[in-house]
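Notes for the one structure printed next.
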Amino acid sequence: MPPPRRRPPSAADAAALRRPYLRLIALSSTLRHLDQILAVSLASGHYPLDPAPATSLLLRYASLRAPHGHLLRLFRGFSRPDRFLRNALLRSLPLLRPRLLFPCPDSFSFAFAATSLAASCSRGGGAASYSAARALHALAVAAGYAADTFVASALAKLYFVLSRVDHARKVFDMVPSPDTVLWNTLLAGLSGSEAVESFVRMVGDGSVRPDATTLASVLPAVAEVADVTMGGCVHAFAEKCGLADHEHVLTGLISLYSKCGDVESARCLFDMMEKPDLVAYNALISGYSVNGMVGSSVDLFTELMTMGMWPNSSTLVALIPVHSPFGHDLLAQCLHGFVLKSGFTANSPVSTAITTLHCRLNDMESARKAFDAMPEKTMESWNAMISGYAQNGLTEMAVALFEQMVKLNVRPNPITISSTLSACAQLGALSLGKWLHRIIAEEDLEPNVYVMTALIDMYAKCGSISEARSIFNTMDNKNVVSWNAMIAGYGLHGQGAEALKLYKDMLDAHLLPTSATFLSVLYACSHGGLVEEGRKVFRSMTDDYAIVPGIEHCTCMVDLLGRAGQLKEAFELISEFPKSSVGPGVWGALLGACMVHKDSDLAKLASQKLFELDPENSGYYVLLSNLHTSKKQYSEAAVVRQEAKSRKLIKTPGYTLIEIGNKPHVFMAGDRAHPQSEAIYSYLEKLTAKMIEAGYRPETEAALYDVEEEEKEHMVKVHSEKLAIAFGLLSTEPGTEIRIIKNLRVCLDCHNATKFISKVTQRLIVVRDASRFHHFRDGVCSCGDYW
């Protein structure tokens with residue numbers, strides 16, 4: 001007799017087994033456990049009958065990081081999934097699938113979809129994520145959920161993750177009666193003064209009651225703007241509302257007072273906590289570090305460890321003294337060792353902080369080791385290493401690392417671009433700068449004021465002052481740094497009158513000048529020979545703006561007065577400053593002026609100061625020796641040269657760089673290493689003959705005094721500037737502009753020769769030396785022979 005046929009399970013059977021299934025799913029800790037439950041459910045026929053266990057199963061699979069395809073297959077096991085199962089899938093998938101919202105979306109559907117999309121964006125969303133967010137937003141509006149606070153909170157958070165603050169604000173503004181959660185989302189997403197203003201508006205509105213999360217969200221914003229008065233108001237409000245004892249609020253207040261420099265109040269609040277948690281310790285350790293109290297931060301870290309608490313990544317980031325690294329080389333090595341020993345190298349924020357610390361201590365080898373050891377490099381890691389190279393003068397390595405980053409398809413952000421533009425500006429690499437400009441346009445970074453300011457600086461330092469001004473004119477959101485960069489650019493090109501005009505425009509725009517503004521204007525006056533104007537600006541600092549001149553301003557004024565022959569006034573100005581603050585820069589400016597005006601007595605005084613302050617700098621010995629040689633004081637020149645020789649000082653070798661077809665070519669004096677050197681020297685001979693016909697005579701007074709005049713003429717003829725210009729003329733079409741970069745100040749003969757070359761070849765020649773730009777056209781230099 002055949003066995004009786006088994007009855008298919010009914011909905012009632014499935015409902016009876018719901019509780020055991022849910023309990024088993026909740027107890028499962030591995031994907032294998034879930035697979036076994038799913039297998040039993042499918043074999044018994046219960047799975048498609050009851051969506052409640054299926055929903056729980058899908059969410060548990062998602063929490064254990066099951067493949068997304070597996071989640072979709074679970075969902076498709078139901079021919080008519082209910083709203084809860086649909087929402088569970090929306091919450092679990094990393095990308096928006098609009099068709100899952102229908103046919104019956106509710107507020108949970110849109111909120112879960114937005115939350116899921118935000119999670120995927122934080123892992124590297126781009127233009128596609130933004131398009132998906134806009135599509136989801138449009139669907140929510142069309143479905144009538146624009147005013148729903150739950151949906152609005154999720155959408156606003158999504159837009160904040162995408163850095164679309166204006167869109168997040170629009171979402172908020174569409175809700176007529178925002179609740180506390182929506183206000184909190186807005187406050188957490190905004191930064192600085194915007195968040196503070198919104199908090200004031202929330203309290204003033206009075207329709208919702210702020211909670212501890214509200215205060216914990218606004219306190220970092222108050223700390224960001226360092227407004228201790230507003231911080232006191234928020235603190236008083238917290239006391240009034242009975243929220244001041246909440247751990248998150250107390251920690252926020254500790255951080256606020258620390259960042260505003262009131263470490264004593266921060267410590268007082270910390271001591272009020274009955275049992276401070278790790279977050280509170282981190283806040284105070286960070287406060288000590290930010291205020292340069294490195295010893296106190298290390299002591300608190302030791303206390304934390306003694307109490308048996310183990311630091312997390314935030315503790316180490318707070319402890320690493322990136323704000324005041326100098327003098328803490330041993331601590332840097334100890335912290336790096338602790339990070340390695342404790343297994344924190346895989347933590348990007350910690351490794352980035354270690355990299356930054358080593359960069360600021362100019363230990364680039366250790367910085368690169370920390371950077372290379374990171375298994376996953378974040379945008380902040382790349383920025384730390386690139387800016388470290390740029391700030392320490394390793395500009396080629398900064399550019400090379402940026403190029404490597406781009407090849408790995410890592411999208412740069414404004415900080416990356418600004419750091420790399422700074423490196424290009426130092427290098428004078430115009431072609432690389434233009435390439436970065438194209439990337440800025442592609443990545444839609446043009447609205448960023450810091451990027452555009454860096455772009456102005458790059459073009460100015462690469463010789464394209466007109467392009468710099470063009471970018472400046474297109475900026476709608478100029479800040480004082482943008483104005484300073486443009487004024488400094490004019491100064492670098494010797495266009496002092498333009499710099500002063502722009503300074504006046506800045507004042508007319510009701511922008512207050514800073515110390516850096518005055519430095520840029522004085523620099524421009526110095527290179528433009530505008531003595532009286534410079535005096536007025538210098539007096540205006542204290543008389544009109546109560547800004548005390550620093551030693552950098554003094555250096556500019558000494559340079560300005562010295563170049564104009566006002567050596568006595570320049571020396572008297574130096575005497576007005578404390579002796580301890582007068583560094584090599586000031587005395588170097590005076591020595592340079594003595595060289596121009598052949599004042600050997602004052603030059604001896606200035607050089608003596610320089611030999612005491614900066615004994616390893618060979619340039620000062622060279623300047624003094626050249627001054628004696630020019631006055632035919634050969635014995636004094638010999639004494640200076642012998643002193644430099646006895647100290648084993650080596651003169652910085654001069655070199656000149658020229659870019660042809662985006663490829664750099666470097667020349668040194670008498671250089672024959674270039675593949676086309678034979679053609680270059682042959683062309684230079686013919687060019688020199690034409691220059692002599694036009695009236696050129698070599699300036700040999702600063703050449704070695706113990707060689708024949710004919711040999712002196714040959715020595716100056718093969719200077720690196722002339723070789724680079726000759727190569728440029730050979731390699732470009734007639735009428736093409738020639739641009740070269742010299743690492744030292746251009747010598748008198750090369751300056752004179754370049755004027756004649758521009759005349760006989762009818763070319764514009766732009767020269768950037770260690771001091772400024774020279775634009776040579778038709779036998780005249782833009783500096784007016786004032787450099």
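Overview of results
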read-out	value
Condition check for Glu678: part of a helix (DSSP H, G or I), acidic (Asp, Glu) and open to solvent by 30 Å² or more (accessible area, probe 1.4 Å)	yes
Answer from Lys632, Lys598, Lys579 - the residue that is loosely packed, with under 15 Cβ neighbours inside 10 Å and under 21 Å from Asp785 (Cα atoms)	Lys598
Complete set of residues in region 108-135 that are crowded, with 23+ Cβ neighbours inside 10 Å and at pLDDT 80 or above	Ala111, Ala114, Ala133
Boolean, Ala423 is touching a strand residue (DSSP E or B) at 6+ places or on another chain (Cβ under 8 Å), more than 20 Å from Ser324 (Cβ to Cβ) and open to solvent by less than 20 Å² (accessible area, probe 1.4 Å)	no
Filter pass, Thr656 being in contact (Cβ under 8 Å) with a residue 60 or more places away in the chain, under 25 Å from His751 (Cα atoms) and in contact with a strand residue (DSSP E or B) (Cβ under 7 Å, 6 or more places away or on another chain)	yes
Arg777 being among the basic types (Lys, Arg), open to solvent by 10 Å² or more (accessible area, probe 1.4 Å) and in contact (Cβ under 8 Å) with a residue 24 or more places away in the chain	no
Among the candidates Ile692, Ile757, residue that is open to solvent by 60 Å² or more (accessible area, probe 1.4 Å), modelled with pLDDT of 90 or more, among the β-branched types (Val, Ile, Thr) and out of contact with any strand residue (DSSP E or B) (no Cβ under 6 Å at 6 or more places or on another chain)	Ile692
Which numbered condition Glu713 fails, given (1) within 23 Å of Arg672 (Cα to Cα); (2) at pLDDT below 85; (3) surrounded by fewer than 16 Cβ atoms within 10 Å (Cβ to Cβ)	(3)
Selection count, region 608-629, where residues are open to solvent by 50 Å² or more (accessible area, probe 1.4 Å) and in a helix (DSSP H, G or I)	5
Number of positions in region 432-450 that are under 30 Å from Thr656 (Cβ atoms) and surrounded by 14 or more Cβ atoms within 10 Å (Cβ to Cβ)	8
Given (1) part of a helix (DSSP H, G or I); (2) open to solvent by 50 Å² or more (accessible area, probe 1.4 Å); (3) touching a helix residue (DSSP H, G or I) at 6+ places or on another chain (Cβ under 8 Å), number of the condition Val639 does not satisfy	(3)
Check on Leu512, open to solvent by 40 Å² or more (accessible area, probe 1.4 Å) and in contact with an Asp or Glu (Cβ under 8 Å, 6 or more places away or on another chain)	no
Residue within region 520-538 that is under 18 Å from Ile465 (Cα atoms), in contact with a Gly (Cβ under 8 Å, 6 or more places away or on another chain), surrounded by fewer than 21 Cβ atoms within 10 Å (Cβ to Cβ) and not basic (Lys, Arg) present	no
Single residue of region 539-598 satisfying the filter (modelled with pLDDT of 85 or more and aromatic (Phe, Trp, Tyr)) that is farthest from Ser625 (Cα to Cα)	Tyr545
Residue that is nearest to the chain's Cα centre (by Cα), among those in region 324-360 that are among the aliphatic types (A, V, I, L, M) and open to solvent by 50 Å² or more (accessible area, probe 1.4 Å)	Ala346
Helices (runs of 4 or more DSSP H) fully within region 401-512 counting 1 or more residues that are small (Gly, Ala, Ser) and either over 30 Å from Met385 (Cβ atoms) or touching a Cys at 6+ places or on another chain (Cβ under 6 Å) (or both)	430-442, 465-474, 480-492, 496-508
Test: Glu303 is acidic (Asp, Glu), closer than 23 Å to Trp183 by Cβ and either open to solvent by less than 40 Å² (accessible area, probe 1.4 Å) or assigned to a helix (DSSP H, G or I) (or both)	no
All positions within region 154-193 that are touching a Leu at 6+ places or on another chain (Cβ under 8 Å), farther than 20 Å from Pro220 by Cα and either assigned to a helix (DSSP H, G or I) or among the charged types (D, E, K, R) (or both)	Leu155, Leu158, Val171, Phe172
Any hit, region 326-346, residues being within 24 Å of Glu224 (Cβ to Cβ) and either modelled with pLDDT of 90 or more or assigned to a loop (DSSP other than H, G, I, E, B) (or both)	no
Residues of region 57-69 that turn out to be open to solvent by less than 40 Å² (accessible area, probe 1.4 Å) and over 11 Å from Ser28 (Cα atoms), as a count	4
Selection status of Lys686, charged (D, E, K, R) and outside any loop (DSSP other than H, G, I, E, B)	yes
Filter result (open to solvent by 30 Å² or more (accessible area, probe 1.4 Å), in contact with a helix residue (DSSP H, G or I) (Cβ under 8 Å, 6 or more places away or on another chain) and in a helix (DSSP H, G or I)) within region 138-153	Leu139, Thr149, Phe150
Residue list for region 306-325, filter: in a loop (DSSP other than H, G, I, E, B) and over 16 Å from Ala353 (Cβ atoms)	Met307, Gly308, Met309, Trp310
In region 1-45, the residues that are at pLDDT below 75 and in contact with a Leu (Cβ under 6 Å, 6 or more places away or on another chain)	Ala11, Ala14
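The values are calculated or read from the model by the stated rules, or taken from the named source; none is laboratory data. Bear in mind the structure is a predicted one, so any value in this text is a computation, not a measurement. Please note: Cβ atoms are built from the backbone with ideal geometry, for glycine as well, and neighbour counts cover all protein chains shown. Just so you know, the surface numbers come from the protein's heavy atoms only, side chains and all, with ligands and any DNA or RNA stripped out. Shrake-Rupley method; radii C 1.70, N 1.55, O 1.52, S 1.80 Å.
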